[in-house]
1. Of Lys206/Lys288; Lys43/Lys269; Lys157/Lys203; Lys43/Lys157; Lys157/Lys206, which sit over 31 Å apart, Cα to Cα?
2. From the phi of every residue in segment 261-269, what ³J(HN,Hα) in whole Hz does the Karplus formula 6.51 cos²θ - 1.76 cosθ + 1.60 yield, where θ is phi - 60° and glycine or proline is x?
3. Explain nothing, just the number: relative contact order of segment 43-172, from Cα pairs under 8 Å at least 6 residues apart, as a whole percent.
4. With the Cα gyration tensor of segment 153-234 giving a ≥ b ≥ c as the square roots of its eigenvalues, does the rule (a/c under 1.5 for rounded; else a/b larger than b/c for prolate; else oblate) give rounded, prolate or oblate?
5. Sorted by average packing, counted as other Cβ atoms within 10 angstrom per residue and highest first, what order do 168-175, 142-149, 49-56 take?
6. Please list, in order along segment 141-151, the HN-Hα scalar couplings obtained from phi with the Karplus expression 6.51 cos²θ - 1.76 cosθ + 1.60 (θ = phi - 60°), rounded to whole Hz, x for Gly and Pro.
7. Rounded, prolate or oblate for segment 103-168? Axes are the square roots of the Cα gyration tensor eigenvalues, ordered a ≥ b ≥ c, and the cut-off for rounded is a/c under 1.5.
8. Starting from the Cα gyration tensor of segment 222-276, take the square roots of the eigenvalues, sort them a ≥ b ≥ c, and report rounded, prolate or oblate (rounded when a/c is under 1.5, otherwise prolate if a/b is larger than b/c, else oblate).
Amino acid sequence: MTSYVLLGLAALQGANAWGSLGHATVAYVAQNYVTAQTAAWAKGVLNDTSTSYLANIASWADSYRATAAGAWSAPLHFIDAEDNPPTTCDVDFARDCGAAGCSVSAMANYTQRAGDARLSADHVAEAVRFLVHFVGDITQPLHDEALALGGNQIAVKFNGFNDNLHSDWDTFMPEMLVGGSSLADARSWAASLITEIDSGTFKSAKASWIAGDNTGDVVTTATRWATDANAFVCSVVMPNGAAALTAAKDLFPTYYDSVIGTIELQIAKGGFRLANWLNMIFQNEIAKRDSLVQRDLRVVDDSELDGHMFLPAPRPLSKAELARLAVGYECNHKH
Ligand SMILES: [Zn+2]
């Protein structure tokens, strides 16, 4: 009984995650730091060669979970840290990742699937769409917190509106900073964050954002990301407790001023991490596999062409060739 109630409550958490502005900005930042090969791979997987190939799908997971077919995926957008802010903040994967899964277990599942040659193109594309979204979600401190359903039940007033703390962090405070929520707004916010990463406020910290990240040990990596963001629940999100926020006359401007720098940091961090993560998946899985396939093809060509004077120049494999060479079978969709 209790677990059903908890599951039901968990499903309500985080109606929007970072709003579409935050997720698209994470995606644009990531697009700046992926290698040319990773970008080409991702564009092919997503079947989108536009300059918004990651931004266009960054909020797909939020739309999907709002559908009947995608309702199962709602718990994957967060991890419910059962800590005690503002006194103690911590994430414990074994304690906090529910039976229905969480953002950390989802990162592990979809990282594996994004590099799995046995899966259909649709399933690989789905895995990449989930990864682009969940790397962003994990950097939002209230997506790593169980208290009051990640702050969804903390009633506050912001800039004259009655809303809740979670949606202010996801959506309304970022939108106040940027002045809109369109892809163009996200692109311009990303440009300023990229400047901070390359030569400004975040220049010296960026290496620490990805230190130790390992696609071969996703649970450890993603739990570290969640722990990093969860610490801000105690230090920045509610340093004086939730009741103080509800009692505040308006979170704008004093509270907003005290947290907006952390929101910028977390969006920048999410984008930088996402790029590195996709680069690692490409290098460790896709590029390795393609080089093996290429070598095997060359052996076949060599034997077929034995005695001929000219060998064909190496060329990229067609999708049909790759599909033939991959040991193809469809996996059932893993939840
Ligand atoms: Zn989400």
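1. On the way: Lys206/Lys288 27 Å; Lys43/Lys269 22 Å; Lys157/Lys203 34 Å; Lys43/Lys157 41 Å; Lys157/Lys206 34 Å.
Result: Lys157/Lys203; Lys43/Lys157; Lys157/Lys206 exceed 31 Å.
2. Once rounded to whole Hz, the list reads x, 5, 4, 5, 4, 5, 5, 4, 4.
3. Details: 159 pairs, mean separation 32.1, N = 130.
Here the relative contact order equals 25 percent.
4. Details: a/c = 2.40, a/b = 1.33, b/c = 1.80.
Oblate, because a/c is 1.5 or more while a/b does not exceed b/c.
5. Details: 168-175: 23.8, 142-149: 25.8, 49-56: 17.4.
Per-residue Cβ counts within 10 Å, averaged per peptide and sorted highest first, yield 142-149, 168-175, 49-56.
6. Each residue's phi maps through the Karplus curve to give x, 6, 8, 10, 8, 7, 3, 6, 6, x, x Hz.
7. Working: a/c = 4.60, a/b = 2.87, b/c = 1.60.
Note, shape of segment 103-168 comes out prolate.
8. Values: a/c = 4.12, a/b = 1.85, b/c = 2.22.
Taking the square roots of the gyration eigenvalues as a ≥ b ≥ c, segment 222-276 is oblate.
None of the figures in this text is laboratory data; all of them are computed from the coordinates on show. Please read all numbers here as calculations on a predicted model, not as lab measurements. Here the Cβ is made from the backbone with ideal geometry for all residues, glycine too, and neighbour counts use every protein chain on show.
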